[in-house]
Amino acid sequence: MKRILIAGLFHEGNSFSSLVTGEASFAVARDEAVLAKARTSNAALGGAFRYLCEQPVTLLPVTTAIAPPGGPVDDDVYARLRSEIADAVRTSNPDGIYLDLHGAMITQTRDDPEGDLLATLRDAVGSKVPIAASLDLHAYVTAAMLGSADIIVACKENPHTDYDEAGAKAAELLMQLLEGAIKPVTAAIWLPLIIGARMETANGPLARLHETRRELIARSTNLLDISIYNTTTLLDVPNGGQCITAIADSDSAAAHEAVETLARAFWAARDEFTHELPSLASVMADLRAGRIAPLVILGDQGDRVLAGTPGDGTAVLHELMTDWPDIRALVPVTDADVVRAAGRVGIGESLRSAVGGRFSEGVTPVVADWQVLALGDGRFVQEGPFLADEPAELGDTALLRTGNVTVLATTLPGFTQDPQAFLSQGADPAAFDVMVTKSGHHFKLSFARIGRCIVIDTPGISNYRVGGVPFRKRRPIYPEDPVEITELASHLFWSAATS
Ligand SMILES: [Zn+2]
């Protein structure tokens, strides 16, 4: 029986957030709890687990850790998690390793911790033990990662409905490599391009690219996977462009041709990644006129915790209180200070306090008299389908009301794209006309069954506009800089299987 070690580390970084992602933000599972989680997971871990359970293998669960997107991970927290996984690899001598990674983590001092983690594990096991990882398609894929792993595959859809398929694919290729059935070679290409809009894969330019990807796979007998990485917008990292990888069985020409074909099409579409979103005012006018019915769930494009912001933006809150005071609204805001203050006065009591604007530049706090409706511990399990059954942490919470507006104040930025973030803390979305989530894509999956989901044009760093984000390391890059590509081959990377 082959012994397969399983571990995971999942975080998407925002280089421009002043809020360090610490231990409290991570939901961690260890040992048998990893398998218990995998059994019900519809994320990559679950997909890999279900595939491996059908194989003649023994599973060696170690540690999985997941935090909402946010500022750089605390260096010590990352180092401890890396040690946990690397120590387990050294003591257990597995035959193969499967990792459930996001791929766009940053720490206080590292731009590419996944590259560091994979290199550490490669050092630990030597060249003969295959390592496979599944990633989020918003990953920052680096040569260091590709050089240390045998298999790296992404999910293909945004919003991510197919994490489980990416996990299963990585596990399947890992097993085929272990059995000697394939000899994978990987080609990768990076385009010096930032995209910050039209990032969904079911429509627009990315839908066309993925159609080409599927055609290339269907036409070829040797291509095992093609992944298209739309590297998350708010990372400031070297060579942080869009990346395309192809894995082929002993056929470097097929891998090369696939990434080059897709790179040409991607670069040709580079000016199509702009969008026109409706304003809050236009959506509210539609609601008041009966053109749309409550419940309306708004995606706050400028303050997306799902893109790594601190979630302390107040633009929508301000506008709702000023212009639409008769509308019953529910708004999440990260603000540990007001949560503590509410805890001191207690449920049913009132306090005058500022809310929001503690971390993000240019955000004005909302000052009002708030009634404390509920206090919570911020723990919940997501109902999904995005990240279904994943535990999540908001830190302590306070539900505060002024007029018709209710604020869910959270200690930590959290996964508010899931209804359970609100229900678990005492706020039932059904009691409102309008509610806000700090998400631009994934809330549509989890809220579609209870209302109308609309992303609105709001100020903030996660509403990407050219020149609006102070990139330093991620340059030159289009459209921030006038970049021309004369020779695609100079952006190419190759790696061959280690075994
Ligand atoms: Zn993603």
Q.
Condition check: under 29 Å from LEU277 (Cα atoms) and open to solvent by less than 10 Å² (accessible area, probe 1.4 Å). Does LEU174 satisfy that?
A. no
**Q.** Answer residue from the range 184-209, given it is assigned to a helix (DSSP H, G or I) and open to solvent by 10 Å² or more (accessible area, probe 1.4 Å) and is nearest to the ligand (Cβ to nearest atom) among those
**A.** ALA207
Q. Can you tell me which residue in the range 155-166 is surrounded by the most Cβ atoms within 10 Å (Cβ to Cβ), limited to those that are over 15 Å from ILE247 (Cα atoms) and within 14 Å of the ligand (Cβ to nearest atom)?
A. TYR163
Q) What do you reckon, is PHE447 open to solvent by 10 Å² or more (accessible area, probe 1.4 Å), outside the structural domain of ALA43 (by TED's automatic domain parsing) and of a type in the set (Phe, Trp, Tyr)? A) no
Q) Looking at (1) open to solvent by 10 Å² or more (accessible area, probe 1.4 Å); (2) touching a Gly at 6+ places or on another chain (Cβ under 8 Å), which is the one condition that is false for ASP111? A) (2)
Q: Check THR212, THR221 and return the single one that is more than 30 Å from THR309 (Cα to Cα) and either assigned to a helix (DSSP H, G or I) or touching a strand residue (DSSP E or B) at 6+ places or on another chain (Cβ under 6 Å) (or both).
A: THR212
Q. Any idea how many residues of the range 137-154 are near the ligand (Cβ under 8 Å from one of its atoms) and in contact with a helix residue (DSSP H, G or I) (Cβ under 6 Å, 6 or more places away or on another chain)?
A. 0
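Every residue, every condition in (1) over 29 Å from the mean Cα position of the chain (by Cα); (2) of a type in the set (A, V, I, L, M), yes or no:
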site	(1), (2)
CYS243	no, no
ILE247	no, yes
ASP251	yes, no
THR261	no, no
ARG264	no, no
ALA269	no, yes
PRO278	no, no
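Residues checked against (1) away from the ligand (no atom under 16 Å from the Cβ); (2) open to solvent by 10 Å² or more (accessible area, probe 1.4 Å); (3) closer than 26 Å to LEU174 by Cβ:
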{"position": "ILE228", "(1), (2), (3)": "no, no, yes"}
{"position": "TRP267", "(1), (2), (3)": "yes, yes, no"}
{"position": "ASP271", "(1), (2), (3)": "yes, yes, no"}
{"position": "ARG291", "(1), (2), (3)": "yes, yes, no"}
{"position": "VAL316", "(1), (2), (3)": "yes, no, no"}
Q: Mind counting the residues in the range 1-40 that are within 24 Å of PRO130 (Cα to Cα), of a type outside the set (Val, Ile, Thr) and outside any helix (DSSP H, G or I)?
A: 12
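The values are calculated or read from the model by the stated rules, or taken from the named source; none is laboratory data. Please read all numbers here as calculations on a predicted model, not as lab measurements. As a convention, Cβ positions derive from the backbone with ideal geometry for all residues, glycine included, and neighbour counts pool all protein chains shown. Accessible surface is based on the protein model in full, side chains and every heavy atom, while ligands, DNA and RNA are left aside. Shrake-Rupley method; radii C 1.70, N 1.55, O 1.52, S 1.80 Å.
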